[in-house]
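Asker: Pasting in a structure now, in structure tokens, and then I'll have a few things to ask.
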Amino acid sequence: MSTLAINDLHASVLTDGGPREILRGVTLTVTSGSTHAVMGPNGSGKSTLAYVIAGHPKYVVTAGTITLDGVDVLAMTVDERARAGLFLAMQYPVEIPGVSVSNFLRTSATAARGEAPKLRTWMKEMKDAMGVLQMDPAFAERNVNEGFSGGEKKRHEILQLSLLKPKIAILDETDSGLDVDALRVVSEGFNAFREETGAGTLLITHYTRILRYIHPDYVHVFVDGRIVESGGPELASVLESEGYERFVGNAPVAS
Amino acid sequence: MTSLTAPPMDLAPRLASTAIDDFAMPTGREEAWRFAPVDRLAGLLEPDGGSAAVVADPGPFISVVDFDPEDAGHWRPTDRGAVVAWAGARSAVQVRVPAETLVDEPIVVRLQAQGPRAHAHVDVRIGAHSRATVVVLNEGGSDVSGALVTEIGDGADLTMLSVIDGPRENVQMWHWPARVGRDARFTGSTITLGGSVVRNLPSVTYAGPGGAATLLGAFLADAGQYLEHRILVTHDQPHCTSSVVYKGALSGAGTHTVWVGDVVVRREAVATDTYEMNRNLLLDDGARADSVPNLELETGDVVSAGHASATGRFDDEQLFYLQARGIPEAVARQLVVRGFFVDVLSRVGSSQWRSIVLSRIADRLGMDPDFELDLEAAE
């Protein structure tokens, strides 16, 4: 049983014009086995929340805490957070020329597990995980994210998730740029991971369509750097029919 | 002295000569020397009767003979450093592959300087319709200047690597003139890791139509090293191709790399296809990379002619992505730098030497040797 606890989190982005506050007091607890959807309009800061949890150097936390099972996450480096059991599936995964998917996954797994997996069993493990996501085995020989389609990038993110088996998964707009088929495959891959590991999930999304495949236990509306309303899955239906306008009101929207 | 015909704007050398006095001592203001720390190279620019020979162990296709200027290959010195090396050369290391011979195993030439300051003459000739791989290993320990005079016969196919590695205190100055025969193929790779000041000048000319030359380079500079590569490809035959790809990674205060790529397409070289590229990866703020591609076309009747150059900083987003998967920062950096070189090393034409060079780069990056082997195994 793991708990990611975010308490009154304030964070700013570092810009040329000085720091600019984006997160303005986020409080949220995600435990194993539960799936939280964080939904909000563009520019509300919901992706920033994902990056701050992962430790992206562009952001600075000015107040509040994040703990994983009581341990201070903010004191950890990016790689320490990942090894502690946090995983961020990125919206825009970067290309890494000359680093094959195979070597990347193996190096990640070695870091996560504390020792290099045996080559032969590793190859099978990787192949099986790729099968679930309907990925061609030749994919492993390509360079990380280089020339990947939108769908391939997201499958690759979920592939990592399924191999690294984090305690808490954060999915940042994993549905963006996916057609219906790809969304279904990616969602099924994620659901298989969730079922197998019982991980907790923070699912960040702008649209409700991914929630047809990945069912949340809780839905949070995120506006202007904080959660303005929380509820069950029915809140997603409200957002689907009414949009975000009711929640945005006249609040200034961070861009 | 032989005057070389060249149009007035051309960057190609004007002169080929074996007389030292034909080349003035460079001051550092000349175009060809403007980046170089001439003072640190001075020891190899002044003739010195006491220079030692550079030899190699004889072996299949390899022999060592007294240097004979009358039988020294297709090339004559084109600058001060080259002419001093020529005048001081005692031995010639010869690699001779007869015509119509296919050599499977790489022919490895380990150069050995017989004194602290030495001059080398390596003379490689691949007979018509032969195929071979030649590796020239130059692992320092001495200040060395010299030439790798390379001749690829008609229809022959030569894969060649010149590796400069070893201690970081020596000065090295090399010319690598390759003449590519009719319909011949040449892949020449320069791997520069060692030395304190290294000036390496690969050049290509074509002896007939239809030749194909690929020049590749990988250099890794740190801790104040100066590594300079100047490439000159002269197209004066029709239907020839050239492809030049050099990549460098550098770090450390005072570290400086220079890449100058000159491609000249003469009027008679119709249907030329040429491309040259240099990419440099700055690993920190202390190092400096100069990159100067020059393409000179005297005919518009070409298939394709282009060049590109880019020098960039280490991408922090790549680092974040790898670290977000649990990979420690130092390992993430090693992966990215290794990856930067992999594509060029995958083209050197020898999988065995690709691995050897990758291991040496891994070593320089401080990678765990088992980790490097593991990466190779999984590839």
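The values are calculated or read from the model by the stated rules, or taken from the named source; none is laboratory data. Remember, predicted model here, so these are calculated numbers, not experimental data. Methodologically, a virtual Cβ is constructed for each residue, glycine included, from the backbone with ideal geometry; neighbour enumeration extends over all protein chains shown.
Asker: Residues A:T27, A:T67, A:T15, A:T62: which one is closer than 27 Å to A:L163 by Cα and not aromatic (F, W, Y)?
Answerer: Result: A:T67 is the single residue among A:T27, A:T67, A:T15, A:T62 that is closer than 27 Å to A:L163 by Cα and not aromatic (F, W, Y).
Asker: Within region A:85-100, does at least one residue satisfy the condition of being aromatic (F, W, Y), touching a helix residue (DSSP H, G or I) at 6+ places or on another chain (Cβ under 8 Å), crowded, with 23+ Cβ neighbours inside 10 Å and within 19 Å of A:S176 (Cβ to Cβ)?
Answerer: yes
Asker: Quick one: which helices (runs of 4 or more DSSP H) sit completely within region A:1-113 and have at least 1 residues that are among the hydroxyl-bearing types (S, T, Y), under 16 Å from the mean Cα position of the chain (by Cα) and within 21 Å of B:L322 (Cα to Cα)?
Answerer: Those helices (runs of 4 or more DSSP H) span A:46-54.
Asker: Mind counting the residues in region A:134-179 that are in a loop (DSSP other than H, G, I, E, B), of a type in the set (S, T, N, Q) and surrounded by fewer than 21 Cβ atoms within 10 Å (Cβ to Cβ)?
Answerer: 3
Asker: Consider B:G312 against the criteria (1) farther than 16 Å from A:N143 by Cβ; (2) part of a helix (DSSP H, G or I); (3) of a type outside the set (D, E); (4) within 14 Å of chain A (Cβ to nearest Cβ): it satisfies all of them except one. Which criterion is unmet?
Answerer: Looking at each condition in turn, B:G312 falls short on (2).
Asker: So which residues in region B:197-218 are under 10 Å from the mean Cα position of the chain (by Cα) and over 20 Å from B:S142 (Cβ atoms), if there are any at all?
Answerer: Within region B:197-218, B:P202, B:S203, B:L215, B:L216, B:G217, B:A218 qualify.
Asker: Would you say A:L178 is aliphatic (A, V, I, L, M), out of contact with any Leu (no Cβ under 7 Å at 6 or more places or on another chain) and at pLDDT below 95?
Answerer: yes
Asker: Only one of (1) farther than 25 Å from A:D181 by Cα; (2) away from chain B (no Cβ under 13 Å); (3) of a type in the set (S, T, Y); (4) exposed (fewer than 15 other Cβ atoms within 10 Å of the Cβ) is not met by A:T77, so which one is it?
Answerer: Exception for A:T77: condition (2).
Asker: What are the residues in region B:250-307 that are more than 30 Å from B:L365 (Cα to Cα) and of a type in the set (S, T, N, Q), if any?
Answerer: Result: B:T272, B:T274, B:N294, B:T299, B:S304.
Asker: Out of region A:97-122, which residues are at pLDDT 90 or above, at the interface with another protein chain (Cβ under 8 Å from one of its Cβ atoms) and more than 23 Å from A:A84 (Cβ to Cβ)?
Answerer: A:P97, A:G98, A:V99, A:S100, A:S102, A:N103
Asker: Taking B:A253, is it farther than 22 Å from B:R347 by Cα, out of contact with any Gly (no Cβ under 7 Å at 6 or more places or on another chain) and without any contact (Cβ under 8 Å) to a residue 60 or more places away in the chain?
Answerer: The answer is no for B:A253.
The rows are residues; the columns are (1) part of a loop (DSSP other than H, G, I, E, B); (2) within 12 Å of another protein chain (Cβ to nearest Cβ); (3) closer than 25 Å to B:S162 by Cβ.
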| position | (1), (2), (3) |
| --- | --- |
| B:A269 | yes, no, no |
| B:M277 | no, no, yes |
| B:G286 | yes, no, no |
| B:G349 | yes, no, yes |
| B:E372 | no, yes, yes |
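Asker: Only one residue in B:L365, B:L345 is closer than 28 Å to B:A213 by Cβ, surrounded by 18 or more Cβ atoms within 10 Å (Cβ to Cβ), within 14 Å of another protein chain (Cβ to nearest Cβ) and touching a residue at least 12 places away in the same chain (Cβ under 8 Å). Which one?
Answerer: Matching residue, one of B:L365, B:L345: B:L345.
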